[in-house]
Each structure stands twice: as C-alpha cells, then as structure tokens.
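What follows draws every value from the coordinates through simple rules; no lab data is involved. Quick caveat, the model's predicted, so the values are computed rather than measured. Counting neighbours? That spans all protein chains shown, and the Cβs are built from the backbone with ideal geometry, glycine included.
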Amino acid sequence: MEKNNKIRQSLTISITVILNILLSSPAQAESFENLLKTSLTPAEVEIHNIMGDEKASELARDACKSFEKGTSVEQVASQAAISLLQLNFTQEQLKTAAHYTGKVIAKGVNSFCPKHNLKLQELKL
C-alpha cells in the first residue's frame, strides 16, 4: 500500500509539473484533438493509442467539470494518478502516462473550459 502511495504521489507531481509547463504557453484556437496530438512525444502517442480519443476527451471534460465544482488542481491530478494506477502499466509507462495525462488536462482546459487556465497557471509546485 505504501508503494502505491509513493507511486501515486510521484504521478501526481508529474501531472502537475506538465500542467504548469504547458499552460505557460499561449492557448491556440484549435480543436482539442489537434492541440493534444501535436503536443505528444512518440512514447505519449503510444499511451494515447491505448487510451483513445474518446477516453482523452472524457478525461479532459471531467477535469473541467471538477474545476467547475471547485476541485483543486492538486486534487484533479491526484484523481488522475489514481486512475493511472488501475491500468497495470509498467513503471516507465506510468511516467509517460503521467506526462500524457497532464497534457490531456492542460489541452482540455484550453479547449473546453479556458476560464480555468488561470487556475492552472497559478499552480504552486
């Protein structure tokens, strides 16, 4: 159980770091799918192929819904990390999936709920 907590904490940190980095760049008027796909590394493309467009869109929209309810960025990242642990990825895949998830959330906020960009940009690491 302690190992899972450490992994979850590590994934949460990775997700929040990538959120912070991505949101420091200006938003573009592109579709979510295009924004996401142009930001992915080859390893993240592999994760995206496993997750699929529909799951990525669902994750992004769920993050927006959570922000609408007042959920903190850290809580959203932690929830995403817990979800990643359910996927039986290797340690390396989990790291890549954490970066991918951060990108999904960041690009989703840009596309679906841009009023929350400021919330993500104020993220303290």
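Take the residue pairs K55/K95; K95/K119; K37/K69; K65/K115 and return only those whose Cα atoms are more than 22 Å apart. Walk me through the numbers before you get to the answer.
On the way: K55/K95 18 Å; K95/K119 24 Å; K37/K69 28 Å; K65/K115 12 Å.
As for pairs spanning more than 22 Å Cα to Cα, those are K95/K119; K37/K69.
With the simple model of a label 7 Å out from the Cα in the direction of the Cβ, E58 to N117 spans 2.8 nm.
By the count of other C-beta atoms within 10 Å, a proxy for reagent exposure, F112, F67 are ordered fewest to most as F112, F67. Sorted into 10 angstrom bins from 0, the C-alpha pair distances of the stretch 27-122 split as 16, 52, 29, 2 percent. State the answer as a single residue: which of P114, T90, L59 lies farthest towards the positive end of the charge dipole of the stretch 27-122, with beta carbon charges of +1 for Lys and Arg and -1 for Asp and Glu, about the Cα centre. My answer, from the dipole projection, is P114. Each residue in L85, L120, L40 was given a count of other beta-carbon atoms within 10 angstrom of its own, and listing them fewest first yields L85, L40, L120.
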